[in-house]
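Undergrad: There's a structure below that I have some questions on.
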Amino acid sequence: MPAVSHQAPDALQILQSVFGYPVFRGAQAEIVDVVARGGDALVLMPTGGGKSLCYQIPALLREGVGIVISPLIALMQDQVDALAELGVRAAFLNSSQTGDQAFAIERKVRAGEIDLLYVAPERLMTSRCLDLFGSIRIALFAIDEAHCVSQWGHDFRPEYIKLSILHERFPDVPRIALTATADADTRREILQRLQLEEARQFVSSFDRPNIRYQIVEKANGRKQLLDFLQTEHAGDAGIVYCMSRKKVEETAEFLNENGIPALAYHAGMDQRQRSTNQSRFLREDGIVMVATIAFGMGIDKPDVRFVAHLDMPKSIEGYYQETGRAGRDGQSANAWMAYGLQDVVQQRRMIDESEADDAYKRVQGHKLDAMLGLCETLTCRRQRLLHYFGQASDACGNCDTCISPPQQFDATVPVQKLLSSIYRVEQRFGAGHVLDVLRGVESEKVKQWRHEKLTVFGIGADVAEAEWRAILRQAIAMGLVSVDYEAYNALKLTDAARPVLRGEQSVQLRHYQKPVKQKRRSTKSDYAESNLGKEGQDLFERLRWWRVETARKHNVPAYVIFHDATMREIARLRPTSLDQLRGVSGVGERKLETYGAEIVGLIAGMSGEG
Ligand code: ADP
Ligand code: ZN
């Protein structure tokens, strides 16, 4: 902590002097207050909401070490480096260290030289660690990614269950649990398993207004992705999620071949390669990371401009968490996804074939239904998402369904034709064959089974194949048709199909929407140019160069030096003195001390040139 006057600093002073931010956001001030006074808290905030300050500031305000429990070992070094840039004495203990390194940190902790200590949960449970904690003054425990305690959640970590030991061993130390996963069941589970029943709960709005949601029907996913990247995100950093390792590698290669710098990341790669790629993504500008969901938790790169899904996630929680990694700096960002029939079929199969018990499968089935509902919705995506998290909202105007509302049509007759065809081929054939029969295609298989003789043969010839696929996909999503994975993915009718076949129930569906070639919109320089004149733009570019150099020298990601938003503000204000620079959001005392003179000098130098 930087030197302060004789009086103990208050929370706002620390926010301004250490972090360089003028005001608290949302519930931050209240949360900091509760924890600084020794109370427990449960904090639910979307990614990018500003959770870290909620424990970092109380840790600096209270006597002793703030212990942060986090499962994200790979990111601890960066977190500690970023704090060091702010002048905060931070360290970590995890399995990546040698015995000697750990010993050195423990000695510093004992000597009172550390304000914030990051610890992996499995490390915390060792008697050595618990002994250490028993012998020092602890300011607070922060339990980050607290949803990892939820057994039915998507990030379950068994070590998290044991964290109730904190309350038993250190009953007087305040605890703050934080997560971006919002649903009420998970919240209950966190409170109960961590014995946080007394905690004050802070549930923020989950809306991320700067993210634009867009879900397109998949035709040729990779090409659609390329088009999206080329037209909307030239030069931007972003993440592309795929389901399988193979697809991750193929997609990364495909993007590279097409001139987009892309790296791969999945659990099958060796540890070294993975961390090299992660670190390049964080440190270099404009890299696209193609990854399985093994990538991303805790990634706090603020300038991820898009998150794209080439496969549909299993649940809305997953989707929201993954897309939430875009636009943490509050600037506009895109969440884009391509999904199709295959996604629906594959995800249902994964649930059916999993070895979990029925209760678990039922929960997963509901989660999948909600996800499909989001994909097929005729109304605002954001409204749907927020509703899922128990929050009411109006149509947003910043998602694809708001911007160009999908066409809805009465699909009762086509759906009846589809259902009859499935029935006529005795529910023994998969999608390809059923659609051939419907459309009157005389394939080998059709001839082999003499299906051209069926009354349904060709009754759907007036509708294009893509439209039929969209209809079938929606019929499966709605539960009118099921897929029998044990019998070559044969399509079957469910009980819900009967009233439709008998004409007792009508069906409304979305029209298939042809992928339209997108018009070039925002590019990187458009972002930078916003509100900056030509001069400001030049200065901004100069600052970027300076930042790249400086980040390299300090061996930290560029955004740890200054965020884009901070640099843009500097470029706009052109401060000519340290005092002027002090007022810029994101410039704290330590950074002013370290970089202030350089920046002011750089600006003076440029004015001289002009
Ligand atoms: P979370 O952990 O909730 O995803 P972070 O703690 O990483 O979010 O904060 C997201 C970004 O917002 C960070 O870049 C952080 O520096 C910034 N931030 C947090 N609080 C404030 C604030 N009060 N004023 C300005 N920026 C803030
Ligand atoms: Zn909307």
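The values are calculated or read from the model by the stated rules, or taken from the named source; none is laboratory data. All figures in this text were calculated on a predicted structure; none of them were measured in a lab. For neighbour counting, all protein chains shown are included, and Cβ atoms are generated from backbone atoms with ideal geometry for every residue, glycine included. Quick note on the areas: whole protein, heavy atoms, side chains included, nothing else; ligands and nucleic acids left out. Shrake-Rupley method; radii C 1.70, N 1.55, O 1.52, S 1.80 Å.
Undergrad: What FRET efficiency do you get for Y423 and T276 if R0 is 51 Å and r is their Cβ-Cβ distance, rounded to the nearest 0.05?
TA: After rounding, the FRET efficiency stands at 0.40.
Undergrad: Turning to a different aspect of this structure: Taking only C-alpha pairs under 8 Å that are 6+ residues apart, what is the relative contact order of region 408-510 in percent?
TA: Relative contact order comes out at 40 percent.
Undergrad: Excluding residues fewer than 8 places away in the same chain, name every one of the lysines whose C-alpha is closer than 28 Å to that of K223.
TA: K246, K247, K301, K314, K514, K517, K519, K524
Undergrad: Quick check on the chain: helices-only [θ] at 222 nm, where DSSP H runs of length 4 and up contribute -39,500 (n - 2.57) each and the sum goes over total residues. Nearest 500, please.
TA: Calculated at 222 nm, the ellipticity per residue is -13500 deg cm²/dmol.
Undergrad: Separate question: Output needed: percent of Cα pairs per 10 Å distance bin for region 211-403, bins running from 0 to the one holding the longest distance.
TA: The calculated distribution, bin by bin, is 9, 36, 37, 17, 2.
Undergrad: From the square roots a ≥ b ≥ c of the eigenvalues of the alpha-carbon gyration tensor of region 183-236, which class results: rounded (a/c under 1.5), prolate (a/b over b/c), or oblate?
TA: Judged from the Cα gyration tensor, region 183-236 comes out prolate (a/c at least 1.5, a/b above b/c).
Undergrad: Given H placed 1.01 Å from N in the peptide plane, which residues other than close sequence neighbours of A139 have an amide H under 5 Å from its amide H?
TA: Amide H to amide H, under 5 Å and 5 or more residues apart or across chains, A139 pairs with V65, G66, I67.
Undergrad: Leaving ligands, DNA and RNA out of it, rank K218, K162 by accessible area with a 1.4 Å probe, largest first.
TA: K162, K218
Undergrad: Report the semi-axes of the equivalent ellipsoid for the chain in whole Å, largest first, where each axis is √(5λ) for an eigenvalue λ of the Cα gyration tensor.
TA: Its equivalent ellipsoid spans semi-axes of 49, 30, 21 Å.
Undergrad: Between rounded, prolate and oblate, where does region 198-295 land on the alpha carbon gyration tensor, with a ≥ b ≥ c its root eigenvalues, rounded for a/c under 1.5, else prolate if a/b exceeds b/c?
TA: Oblate is the answer for region 198-295, as a/c is 1.5 or above yet b/c matches or exceeds a/b.
Undergrad: Heavy-atom accessible area of D484 with all protein chains present, probe 1.4 Å, nearest 10 Å²?
TA: For D484, the solvent-accessible surface is approximately 40 Å².
Undergrad: In terms of solvent-accessible area of protein heavy atoms at a 1.4 angstrom probe, what is the ranking of W336, W546, W152, highest value first?
TA: My answer, sorted largest first, is W152, W546, W336.
Undergrad: Report the charge-dipole magnitude of region 176-221 in Debye, nearest 20, computed about the Cα centre from +1 at each Lys and Arg Cβ and -1 at each Asp and Glu Cβ.
TA: For this selection, approximately 180 debye.
Undergrad: Over region 211-403, calculate the relative contact order: mean separation of alpha carbon pairs under 8 Å at least 6 apart, over the residue count, as a percent.
TA: So the answer I get is 26 percent.
Undergrad: Just by accessible area at a 1.4 angstrom probe, what is the order of T126, T323, T47 from largest to smallest?
TA: T126, T47, T323
Undergrad: Hey, can you find the accessible area per residue of the chain for me, probe 1.4 Å, expressed in square angstrom?
TA: In whole numbers, the chain has 45 Å² accessible per residue.
Undergrad: What's the carbon and sulfur percent of the chain's accessible surface, probe 1.4 angstrom, rounded to a whole number?
TA: Taking all protein chains in place, the chain shows 48 percent carbon and sulfur surface.
Undergrad: Continuing with the same structure: I'd like the antiparallel share, as a percent to the nearest 5, of DSSP beta bridges with both residues in the chain.
TA: Antiparallel: roughly 15 percent of the beta bridges in the chain.
Undergrad: Using the Cα gyration tensor of region 351-477, with a ≥ b ≥ c the square roots of its eigenvalues, what is the shape: rounded (a/c below 1.5), prolate (a/b larger than b/c) or oblate (neither)?
TA: Note, shape of region 351-477 comes out oblate.
Undergrad: So, one more: Of L83, V216, I239, which is farthest along the charge dipole of the chain in the positive direction, counting Lys and Arg as +1 and Asp and Glu as -1 at C-beta?
TA: Of the options given, the answer is V216.
Undergrad: Measure out, as a whole number of angstrom, how far apart the alpha-carbon centroids of region 234-284 and region 111-172 sit.
TA: Answer, in whole Å: 32.
Undergrad: Per residue, how much space in cubic angstrom lies within the convex hull of the C-alpha atoms of region 262-357?
TA: Output value, Cα hull per residue: 122 Å³.
Undergrad: Along the charge dipole of the chain, pointing to its positive end and built from +1/-1 on Cβ of Lys, Arg, Asp and Glu, which listed residue (Q407, V109, G588) has its Cα farthest out?
TA: With unit charges placed on the Cβ atoms, the residue in question is Q407.
Undergrad: Kindly write out, for region 61-69 in residue order, the coupling ³J(HN,Hα) from the Karplus curve 6.51 cos²θ - 1.76 cosθ + 1.60 (θ = phi - 60°), rounded to whole Hz, with x marking Gly and Pro.
TA: Result, ordered by residue: 7, 8, 6, x, 8, x, 9, 10, 9 Hz.
Undergrad: Right, something else. Could you pull out every residue, at least 5 positions away or on a different chain, whose amide H is within less than 5 Å of the one on H309? Hs are placed 1.01 Å off N in the peptide plane, and Pro or chain starts have none.
TA: Correct list: Y241, W336, M337, A338.
Undergrad: Which residues make up the longest stretch of the chain that has no GluC sites (Glu not before Pro) in a DSSP loop with at most 16 other Cβ atoms within 10 Å?
TA: 505-610
Undergrad: Show me, for region 19-33, the HN-Hα J-couplings you get by feeding each phi into the Karplus relation (A = 6.51, B = -1.76, C = 1.60, θ = phi - 60°), rounded to Hz, glycine and proline as x.
TA: 8, x, 9, x, 9, 6, 9, x, 8, 3, 4, 5, 5, 4, 4
Undergrad: Suppose every K and R has +1 on its Cβ and every D and E has -1 on its Cβ; what is the size of the dipole of region 527-609 about the Cα centre, in Debye to the nearest 20?
TA: Its charge dipole is roughly 180 debye.
Undergrad: Leaving out same-chain residues fewer than 8 places away, which lysines sit with a Cα under 17 Å from that of K553?
TA: K591
Undergrad: Let me ask something else about it. Based on Cβ point charges of +1 for Lys and Arg and -1 for Asp and Glu, what charge dipole magnitude is obtained for the chain about its Cα centre, in debye rounded to the nearest 20?
TA: 780
Undergrad: Tilt of helix 465-477 relative to the longest C-alpha principal axis of the chain, in degrees (0 to 90, nearest 10)?
TA: Between helix and principal axis, roughly 70 degrees.
Undergrad: Restricting the count to DSSP beta bridges whose residues both fall in region 11-203, what percent are antiparallel, rounded to a multiple of 5?
TA: 0
Undergrad: Follow-up question, since we're still on this one. Please report the accessible area of F156 (heavy atoms, 1.4 Å probe, ligands and nucleic acids excluded) in Å², nearest 10.
TA: 70
Undergrad: Sequence neighbours fewer than 8 away in the same chain don't count; with that in mind, list the aspartates and glutamates whose C-alpha is under 12 Å from K51.
TA: Output for K51: D144, E145, D300.
Undergrad: Is any residue of region 34-64 close enough, with backbone N under 18 Å, to a label point placed 7 angstrom from the Cα of L12 along the Cα-Cβ axis, and if so, which?
TA: Counting only backbone N, you get 34-37, 54, 57-58, 61.
Undergrad: Tell me the relative contact order for region 130-282 as a rounded percent, counting alpha carbon contacts under 8 Å between residues six or more apart.
TA: This gives 15 percent for region 130-282.
Undergrad: Tell me the angle of helix 564-573 to the major Cα principal axis of the chain, expressed in degrees between 0 and 90 and rounded to the nearest ten.
TA: The angle comes out near 60 degrees.
Undergrad: Sticking with this structure for a sec: Can you give me the C-alpha center-to-center distance between region 199-213 and region 293-370, rounded to a whole angstrom?
TA: Region 199-213 and region 293-370 have Cα centres spaced 18 Å from each other.
Undergrad: Here's something else I'd like to know. Let's test the formula: R0 of 22 Å, r as the Cβ-Cβ distance of K108 and S135. What FRET efficiency results, to the nearest 0.05?
TA: Taking R0 as 22 Å, the efficiency between K108 and S135 is 0.95.
Undergrad: Please list the radius of gyration and Dmax for region 527-609, considering alpha-carbon atoms only, with Å as the unit.
TA: Reported Rg and Dmax, both Å: 11.8, 32.
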